[in-house]
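Heads up: the structure comes next, in structure tokens.
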Amino acid sequence: MLNPFSRAELLMGKAGIQQLKQKKVAVFGLGGVGGFAAEALARSAVGAFCLVDHDTVSVTNLNRQIIATMETVGKYKADVMKERILSICPQTAVEVRKEFFLPDSDASFLNDCDYIVDAVDTVSAKLALAQLAWEKGIPIISSMGTGNKLDPTRFEIADIYQTSVCPLCRVMRQELKKRGIPKLKVVFSKEAPVKREEDAELEQDSSKRQTPGSVSFVPPVAGLLLASQVIRDLSWQYWPQNQ
């Protein structure tokens, strides 16, 4: 009998899909990376979500974020993502938390989650999530920098301590080592940040904050890689080729 996941069942089997239907994934950050990750997970039969994002859709999001349209500008990203997930798979359980996750935030809502997807922008939040996941024993995968990049083929999945080139990875390695966290699965790119026209001006005035450039075909790739790893980690052993 045909169902929304019939084509996926051909590759992952009914047992694999059934496993995913029983899992809950927390997605932190629903922008260019996290939005695509959440949608790919929803289209792969993940049964429950906790969506965490305090931000609203902006006009500047239209070039790369799957939830960004002229109709959604000004709306909370978490609300828009929930509506989109339910339009794909109405039986999905979706919890929304419109908050900015900080190191001292209450994280008890993660206790029943099977996986954490980190697609947030701030280092402090990334470190807090990594430490929280380590302490709670919850699998996590974290997206590293996707801004100022133009080559989507340079992304890889690796442990943070096996990464190179990416400036954010360097900071994360140093800080995770200080905290005694021995591993963190990440999606990162070996492409060096692209030089922009305004970089010379920014170098002369250190008080100005750089706004990362971003294009439509880079952050989504990182998001889809995040989702692919989550799906594999949660269901791979049940796929037909492994039986």
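In table form, for the structure just shown:
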| item | result |
| --- | --- |
| Among (1) assigned to a loop (DSSP other than H, G, I, E, B); (2) touching a residue at least 60 places away in the same chain (Cβ under 8 Å); (3) over 25 Å from A107 (Cα atoms), the one test that N3 misses | (2) |
| Selection count, segment 53-79, where residues are part of a helix (DSSP H, G or I) and out of contact with any strand residue (DSSP E or B) (no Cβ under 9 Å at 6 or more places or on another chain) | 3 |
| Qualifying residue in segment 87-102 (condition: surrounded by 15 or more Cβ atoms within 10 Å (Cβ to Cβ), in contact with a Pro (Cβ under 9 Å, 6 or more places away or on another chain), over 21 Å from S216 (Cα atoms) and not β-branched (V, I, T)) | yes |
| Candidate set from segment 185-218 (those that are of a type outside the set (V, I, T) and in contact with a Leu (Cβ under 6 Å, 6 or more places away or on another chain)); member that is modelled with the highest pLDDT | Q210 |
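The values are calculated or read from the model by the stated rules, or taken from the named source; none is laboratory data. Computed from a predicted structure; not experimentally measured. Every residue, glycine as well, gets a Cβ built from its backbone with ideal geometry; the counts of neighbours run over all protein chains shown.
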